[in-house]
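Peer 1: Handing you a structure now.
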Amino acid sequence: MKKKLIIWGVVLLTVINLASLATRAYHRWGDDERRGREGRREARMSITERLGLTETQSEQVRAMRSELGDRMTPYREAYRDRRDRLYDLLMTPDADHGEIQVIKAQMDSLQAEREAIVFEYILAHKEVLTPDQQTEFFTMIKDRFRNGYRRR
């Protein structure tokens, strides 16, 4: 009996693994993958390639991006702390609704401050980019907002 169970277990695991491999192969090499390949390639292009930035512009954009990361780090950490605190509160049986609302308001405030910094960063590109590059850059931004930052 024990031997039969082991054999059926091995057979079941083999079938599951084969089905998984077939699914991965289909998604990797199937027709769905070929459609829209150019659009995905364009999405993966760096901003330097997509906008045709000069070396000077590229360095300026890179510096702005680095500065953005440095400015965002404390907000990310503070937001993570508030989120963890909110989770802990929600897990307690007698959660204080007032405290939950306070933490939620703090999270909303942090998010608004982060968005202000990001919009500042986006507008700073106007000083670096040519009018044609600005048009392409803001089109890229508009497309990202329209798609809700979704990725396949």
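The values are calculated or read from the model by the stated rules, or taken from the named source; none is laboratory data. Predicted, not measured: the structure shown is a model, and the values here were computed from it. Using ideal geometry, Cβ is built from the backbone for each residue, glycine included, and neighbour counts are taken over all protein chains shown. Remember, those area values only see protein heavy atoms, side chains included, never the ligands or the DNA or RNA. Shrake-Rupley method; radii C 1.70, N 1.55, O 1.52, S 1.80 Å.
Peer 1: If you add up the charges near E120, with Lys and Arg at +1 and Asp and Glu at -1, over every other residue whose beta carbon is less than 14 angstrom from its beta carbon, what do you get?
Peer 2: Combined, the nearby Lys, Arg, Asp and Glu give -1.
Peer 1: For Kirkwood radius over Cα pairs in Å, pick the label among [x] 16.1; [y] 20.7; [z] 21.4 that corresponds to the value derived from the coordinates.
Peer 2: [y]
Peer 1: Further question: When all protein chains stay in place, what accessible area (Å², nearest 10, 1.4 Å probe) is found for D70?
Peer 2: Here the accessible area works out near 110 Å².
Peer 1: Report, in deg cm²/dmol and to the nearest 500, the calculated mean residue ellipticity at 222 nm for the chain, where each DSSP H run with n ≥ 4 adds -39500 (n - 2.57) and the sum is divided by the residue count.
Peer 2: That comes out to -28500 deg cm²/dmol.
Peer 1: How much area per residue is accessible in the chain when the probe is 1.4 Å and only protein heavy atoms are counted (Å²)?
Peer 2: I get 81 Å² per residue for the chain.
Peer 1: So if R0 is 30 Å, what FRET efficiency would R114 and H27 give, r being the distance between their Cβ atoms, rounded to the nearest 0.05?
Peer 2: Given R0 = 30 Å and the Cβ-Cβ separation, E is 0.30.
Peer 1: Counting only C-alpha contacts under 8 Å and six or more residues apart, can you give the relative contact order of the chain as a whole percent?
Peer 2: Over the chain, the number comes to 23 percent.
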